Structure formats: structure tokens, C-alpha cells
Amino acid sequence: MSVGPLWSKLILFSVPLAASNVLQIAFNMADLVVVGRYVGDEALAAVGSNASLVSLLVCLIGGLTLGVGVLVSRFYGAKDDAALRETVRTSFATVGLGSLLFTAVGIVFSEPILRLMETPDDVLPLAALYLRIYFAGFPALALYNCAAAILRAVGDARRPLYYLTVAGILNVVLNFIFVVFFGWGVAGVGIATVIASVVSCVLTLRFLARLDAAYRFNYRDLRIDRTRLGSLLYIGIPAGVQGSMFSFSNVVVQGAINTLGATAMAGAAAGLQIESLIFVAQNALANAATTSVSQNVGAGSYSRVKRAVALCVLLDVIACLLLGGGALLFRREALGVFTPDEAAIRAGEIRVVILASTYILCGMMDVCGNALRGLGYSLFPTLAIFFSVCVLRVVWIALVFPTRPALETIFVSYPLSWTVASVVLFAGYFLGRRRGFERLTSEKASTAASVAQ
């Protein structure tokens, strides 16, 4: 993304990435459709109630892989093969060890966590079963995301899409086999998701292992370089903490939804799947902003940094308007795919109407935050989102929700928090972009001079 027309490069990067994210969501969406249609609303509520916890896990590993993508993009743009090689092997070693730790802790504490979320007793056993199975497959998901982040950082967003397509089709087929024919219920959809995650992981790592490039995967060469680990954690920990705080606030929101009963839980879970399709489009463009900014910082092109972010904002606005409008127009038909229950559909409509009409605010927030990370600012967007989004939502649920316990009260907190965060992050990006660019290019020049000596 450091040479040539930016429009086409951003679109060619974002579309496969968005499609990959849609397929990842399709894993969980297929689970919800099958259990909602063939098992019942309690099973739908059990799988759906885990969405915020699953998001928390994905955000933790996603923060680290965001750091991977930023550094790989920067060193790839600067043609620094030695630093690129060290970053890749450190990334895989760190992600592998971290995901195993989360798996062990998650399997042990699944039920206590769900109890803290006030999951109803009639839903709890199924929800705990699904969560334990999901944790068992988490290392495969984490390693796939690390490998995919590396490929996207060097401009190959299509290869992860190909492998995820294979895994997505397999997931859907296995869902029907395990649930409809074998009668395994919630366990069946969980096992199908784990198998699909393993397949996507193996295919992606196999491709990287066969490359003759500085970013190839070699399991014999895995080790942690302290310097690269420090850089990864400097970018990744704040991003992961931000995502985790986001997800923690959503766990609090899910706890409030759970108090309204299984029907509200089922409707909100179905609405979340529709909302997620809008999110993946704008999130792909936010990731495109990170990659394009990082590569152009490595190449020393400030004007392309500015143009890339402006184009990402414009494309994000267009995507949110088109997808949000489609979700509003066809919300009942889309919700009906997940559940035939009219009360659950009405509950899902509340979520879709409020969020789909305002998702453009979330897009602005994410593009500006990711652009700042590409410029080397990791702490500021984390703090901005912590106070503007996470704290605000938790306070809203604690103070406002008890006065009017309804789904409308819960979901109004989303556009309110997005508005505050997008204003703060846009101001931060506008004021800090030149200083960040100059600092990173100066560091690059100093490193080059030291090596020359």
C-alpha cells in the first residue's frame, strides 16, 4: 500500500478481509441457526449468551495479533527482513503459549463466569457446555488469526479468505450432521466450530511454512526475542485491553439482558448476528487503516498516510450506510432465520433498529483508533475508548437500566458511547498524526545508522 493508487488497494485489501470476518461470524451464526431451528430457544439462548465472552477472548488475542500486523507491515514496508523474521517467530511463540493458558483457565472457570453474568438456571448447563468446548478449540483460532494477520500485513488478504471458506462450509455441514442426524444439540455445534477452526489453522500455517520469505512459518525456529516481544506487547497489550474492556462492558450488558429472560436473550443473540455483519465491514476498513498507515510509515510517505486514513473513513461511511440500511429494511426476515418465535423476533428488532441506524459512529471510532496505532500511539486510543465507551456503558447499566429495565434502555448506550469516543479519537488523530509519523521515521533512521556503524 506504499505505492500505486490507494483506492483500489484499500478495497482489494478490505473486501477479502471483510469476507473472512463474515465467515468467522458465520461459524457462530450457523450454530445459532441450527440450534434455534432444531433444538429450541433455550439452546439458542445458551449459545447466544456466550457471544460476549467469546468476543472477550477474541479481543484478547486480537489485540496481540494487531500488534503483529502493525510491526510486520512496518518492517515489510521498510524491507527489513531480519526484523520481520524475528517478529514472525516471536509472534507465533507468544500467541501459542498465551492461547494454551487461556484454554486451561477457561475450561475450569466456565460455569462460575456464566453465573456471574446471571445466566438463568434453565440455560446455564447448556451455556457452560458450549463455552468449555469453545475454549478447547481456542488455540487453533488464535494461531489462525496470527497467521492471517501476517498475511494481511504483507498485502495478502485473499489467502486467509480461501482457507476460511473451506472451514466455514465444513462447519455448516458438520452442524447439520451433529445436531440434526446425531442429536448432539449444543455440544454438536460447539464441536463443529472447533473442527472448522482447526482446519483453517492447519491450512494457513501449512501455506506460510511453504513460503520462501522472511515471514514464513517454521515451527523449529519458534522462539521469543525480547526486543520484538516488547514491541508486540507495547502495541498489542493496550489494543487487547481495549478490546477486552469493550467485551467486558458487553458482558455487563449481557448480564442486564439475561435478567429479562430467555426470550430477550434469544432475540438479542439473533440481533447480534445481524449487527455483526455491519461490524465486520467497518472493522475491515479500520484494519486497512492500520496496515496502510504502518506500511507508509515504513516507506516514509506522510502524504499517503493522510490520504489512506481519509479514504478509509469515506469507505467506512459508505459501507455502514449501505449495510445498516439493508439491515433495517430486512430485519424481520433476517431474524426469522434464527428463530420462528414472534416474541424473540420482536426483541431482536429492538437491537437491530437502534444499532444499525447508528453504526457509522462505531466506524469512525475504529478507523481513527486504528490509524493512531499505525502511527505508534497505542495507549491514547485505549484510554479514550475505556472512558468513552466501557465506563460509560457500565455506568449506564448500573444507574439508568434499573429505572427502566427494557432492551431499549440497554441498547441506547451503544450509539451514545460511540459518539463520545469518535469525537475524542478523531481529535487525537488530527492533532497527533504528524508528530507520530516524524517520531517513527526518526527512530527508523537512528536504527539504520546504528546498524551501519
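The values are calculated or read from the model by the stated rules, or taken from the named source; none is laboratory data. Every value quoted in this text rests on a predicted model; they were computed, and no experiment measured them. Heads up, the Cβs are rebuilt from the backbone with ideal geometry, glycines too, and the neighbour counts pull from every protein chain shown.
Those residues that are within 28 Å of residue 286 (Cα to Cα) and of a type in the set (Phe, Trp, Tyr), I need them from the range 392-426; list them, please. Hits for the range 392-426 are 396, 411, 414, 418, 426. Tell me, yes or no, whether the range 254-261 has at least one residue that is part of a helix (DSSP H, G or I) and closer than 22 Å to residue 324 by Cβ. Yes, the range 254-261 contains at least one residue that is part of a helix (DSSP H, G or I) and closer than 22 Å to residue 324 by Cβ.
Considering the range 186-241, the residues that are part of a helix (DSSP H, G or I) and of a type in the set (D, E, K, R) include one that is nearest to residue 152 (Cα to Cα), namely 206.
Note on the range 158-196: residues that are within 16 Å of residue 143 (Cα to Cα) and not hydroxyl-bearing (Ser, Thr, Tyr) amount to 8. Of everything in the range 260-307 that is among the charged types (D, E, K, R) and in contact with a Leu (Cβ under 6 Å, 6 or more places away or on another chain), the residue that is surrounded by the fewest Cβ atoms within 10 Å (Cβ to Cβ) is 307.
If residue 103 passes every condition in (1) more than 24 Å from residue 159 (Cβ to Cβ); (2) of a type in the set (S, T, N, Q); (3) out of contact with any Pro (no Cβ under 7 Å at 6 or more places or on another chain); (4) modelled with pLDDT of 70 or more but one, which one does it miss? It fails just one condition, (3). Residues that are among the hydrophobic types (A, V, I, L, M, F, W, C) and closer than 20 Å to residue 66 by Cα do occur in the range 312-332.
One line per residue, one yes/no per condition, for (1) in contact with a helix residue (DSSP H, G or I) (Cβ under 9 Å, 6 or more places away or on another chain); (2) within 30 Å of residue 148 (Cα to Cα); (3) polar (S, T, N, Q):
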{"site": "248", "(1), (2), (3)": "yes, yes, no"}
{"site": "281", "(1), (2), (3)": "yes, yes, no"}
{"site": "289", "(1), (2), (3)": "yes, yes, no"}
{"site": "299", "(1), (2), (3)": "yes, yes, no"}
{"site": "311", "(1), (2), (3)": "yes, yes, no"}
{"site": "336", "(1), (2), (3)": "yes, no, no"}
{"site": "341", "(1), (2), (3)": "yes, no, no"}
{"site": "357", "(1), (2), (3)": "yes, no, yes"}
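Could you go through the range 153-164 and let me know if any residue there is buried (at least 16 other Cβ atoms within 10 Å of the Cβ), among the aliphatic types (A, V, I, L, M) and out of contact with any Phe, Trp or Tyr (no Cβ under 7 Å at 6 or more places or on another chain). Yes, the range 153-164 contains at least one residue that is buried (at least 16 other Cβ atoms within 10 Å of the Cβ), among the aliphatic types (A, V, I, L, M) and out of contact with any Phe, Trp or Tyr (no Cβ under 7 Å at 6 or more places or on another chain).
Condition check ((1) modelled with pLDDT of 75 or more; (2) under 30 Å from residue 390 (Cβ atoms); (3) among the charged types (D, E, K, R); (4) surrounded by fewer than 20 Cβ atoms within 10 Å (Cβ to Cβ)) across all residues:
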site: 1; (1), (2), (3), (4): no, no, no, no
site: 7; (1), (2), (3), (4): no, no, no, yes
site: 25; (1), (2), (3), (4): no, yes, no, yes
site: 37; (1), (2), (3), (4): no, no, yes, yes
site: 48; (1), (2), (3), (4): no, yes, no, no
site: 53; (1), (2), (3), (4): no, yes, no, no
site: 61; (1), (2), (3), (4): no, yes, no, no
site: 84; (1), (2), (3), (4): yes, no, no, no
site: 91; (1), (2), (3), (4): yes, yes, no, no
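Here's the yes/no breakdown for (1) modelled with pLDDT under 85; (2) closer than 19 Å to residue 33 by Cα; (3) of a type in the set (A, V, I, L, M, F, W, C); (4) not in a helix (DSSP H, G or I):
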| residue | (1), (2), (3), (4) |
| --- | --- |
| 112 | no, no, no, no |
| 132 | no, no, no, no |
| 139 | no, no, no, no |
| 142 | no, no, yes, no |
| 145 | no, no, no, no |
| 152 | yes, no, no, no |
| 156 | yes, no, no, yes |
| 168 | yes, yes, no, no |
| 171 | no, yes, no, no |
